[in-house]
Amino acid sequence: MQYETTESWMEFHVARLRLSIRAVETMRLPQYKGSTLRGAFGHAFRSVSCGQPGQDCKVCLLRVGCPFAYVFATSPGQDAEVLRLNEEIPRPFVFEPPEDSRCVYAPGETMDFGLVLIGRGIEYLPYFIVTFQELGRNGMGTGRGRFELARVVACVAGQEHSVYDDTDGRIHWREAECTVSADQIIASRPPQSGDLTVSFRTMTRLKDRGEYMTSPEFHPLLRALLRRISALSYFHCGTRLEADYQGLSARARSVALAVNQTTWVDWERYSGRQKEWMSMGGLVGRAVYHGAWQEFWPWLALGEWVHVGKNATFGLGKYLVGSCEF
């Protein structure tokens with residue numbers, strides 16, 4: 001089965017890492033830890049990298065070249081050819097919290113979670129490591145339990161490459177060994193014939209006509225992937241993906257939702273920036289699609305790495321096609 005490919009895929013690079021933190025004091029965390037990881041990381045990252053902590057990033061004179069402004073407050077430049085009118089664009093990172101519901105970690109126990117870096121965001125890996133060291137000294141969760149960053153590994157093609165270990169406290173980063181191109185991801189597992197099975201592992205928030213969907217129809221899923229991946233490529237990989245977006249979107253309407261075993265899971269988080277509770281529920285479960293879906297494989301394969309839908313940096317929108325991973 002043929003699908004559309006382009007040389008521009010070669011510039012889209014991703015790094016998937018696993019971080020292990022070791023509790024120094026009892027850590028009390030919510031069942032879904034994505035909000036805590038992302039929120040606590042943001043505060044610590046600003047303290048580590050920001051030259052003017054009290055200044056709004058939008059008007060800060062140090063914005064150009066600032067790690068925090070790029071990684072955590074990403075916005076399009078005036079010369080951007082796409083999304084120029086949008087205040088924010090997709091961030092070049094995604095946290096992947098543990099999928100269990102464990103809430104308490106005693107001193108000495110470890111918690112593993114994932115981190116995906118996209119394009120130029122990979123260059124800022126040392127800042128992520130230093131930030132989690134700082135966050136560990138300050139503590140996280142209810143009661144701010146302190147922890148240590150024990151280990152960071154890059155996960156590529158079923159192999160692990162050590163990036164950081166607290167036994168020597170040094171970063172061992174070999175980018176060629178620890179990153180994967182879109183071409184490699186797409187080619188690693190060619191699409192199969194038959195129906196398409198998608199397992200939504202974390203709350204997935206897809207919009208259609210301005211409303212969040214309570215049924216995972218394929219067309220809005222594909223459109224969300226087109227928007228997210230093309231924006232990540234343009235702003236963080238320096239490449240404008242050349243694709244027949246209108247044709248892809250139109251043909252996606254022929255792929256039907258054959259089996260829907262998803263449910264809507266409610267979730268709320270408190271936004272310190274907006275000073276209010278925010279509803280961030282989404283779909284979780286399994287969906288089976290029938291139709292000519294194979295041409296959309298490049299977008300589906302990359303989406304497994306970068307997630308789909310709203311609030312992906314929290315770990316929302318994680319899905320797997322079938323039961324395999326690269």
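All of the numbers you see were taken from the coordinates with simple rules; none came from a lab. Since this is a predicted model, take the numbers as computed values, not measurements. Cβ sites come from the backbone with ideal geometry, for glycine too, and all protein chains shown count toward neighbours.
Along each of its three principal axes, how wide is the spread of alpha-carbon positions in the chain, in whole angstrom units, largest first?
53, 43, 41
Would you mind putting 104-113, 224-233 in packing order, based on average other-beta-carbon counts within 10 Å, highest first?
Values: 104-113: 14.3, 224-233: 21.5.
So the order, starting with the most tightly packed, is 224-233, 104-113.
Note down the magnitude of the dipole of the chain about its Cα centre, charges +1 on Lys and Arg C-beta and -1 on Asp and Glu C-beta and zero elsewhere, to the nearest 20 debye. Provide the component values of the computation, followed by the final result.
Values: 36 positive and 36 negative charges, 184 e Å.
Dipole of the chain, to the nearest 20 debye: 880 debye.
By the scheme Lys and Arg +1, Asp and Glu -1, what is the net charge of all other residues having a beta-carbon under 14 Å from that of residue 257?
Details: positive: 253, 286; negative: 195, 208, 217.
Neighbour charge sum, excluding residue 257 itself: -1.
So if R0 is 35 Å, what FRET efficiency would residue 207 and residue 187 give, r being the distance between their Cβ atoms, rounded to the nearest 0.05?
Numbers: r = 31 Å, r/R0 = 0.88.
So, using R0 = 35 Å, E works out to roughly 0.70.
How large is ³J(HN,Hα), in whole Hz, for each residue of segment 199-205 in order, when computed from phi with the Karplus curve 6.51 cos²θ - 1.76 cosθ + 1.60 and θ = phi - 60°, using x for Gly and Pro?
Result, rounded to whole Hz: 9, 7, 7, 10, 3, 10, 10.
For the chain, build the charge dipole from Cβ charges (+1 Lys, Arg; -1 Asp, Glu) around the Cα centre, then report which of 23, 164, 130 sits farthest towards its positive end.
Sorting the options by dipole projection puts first 23.
Please say if segment 16-77 is rounded, prolate or oblate, where rounded means a/c under 1.5 for a ≥ b ≥ c the square roots of the C-alpha gyration tensor eigenvalues, and otherwise the choice is prolate for a/b larger than b/c and oblate otherwise?
It comes out prolate by the Cα gyration axes.
Could you calculate the contour length gain from residue 10 to residue 157, that is, 0.36 nm times the residue separation minus the distance between their Cα atoms, to one decimal place in nm?
Details: separation 147, 0.36 × 147 = 52.92 nm, distance 1.72 nm.
Net length gain for the segment: 51.2 nm.
Can you list residues from other chains, or at least 5 along the same chain, whose modelled amide H is less than 5 Å from the amide H of residue 163?
Sorted by chain and number, the residues that satisfy this are 152, 153, 154.
List the pairs from 207/318; 58/318; 33/318 whose alpha-carbon separation is above 21 Å, in the order I gave them.
Flagged as over cut-off: 58/318.
If packing is taken as the average number of other Cβ atoms within 10 Å across a peptide's residues, how do 184-194, 90-100 rank, most packed first? Intermediate results must be reported in sequence, preceding the final value.
Numbers: 184-194: 14.5, 90-100: 20.3.
In decreasing order of mean packing, 184-194, 90-100 become 90-100, 184-194.
Please list, in chain and number order, the residues 5+ apart from residue 202 or on another chain whose amide H is under 5 Å from its amide H, with Hs placed from the backbone.
Those qualifying (amide H under 5 Å, at least 5 residues apart or on another chain) are 317, 318.
What spacing in nm lies between the two simple spin-label points modelled at residue 268 and residue 197, each 7 Å away from Cα in the Cβ direction?
Spacing of the two 7 Å Cα→Cβ label points: 3.6 nm.
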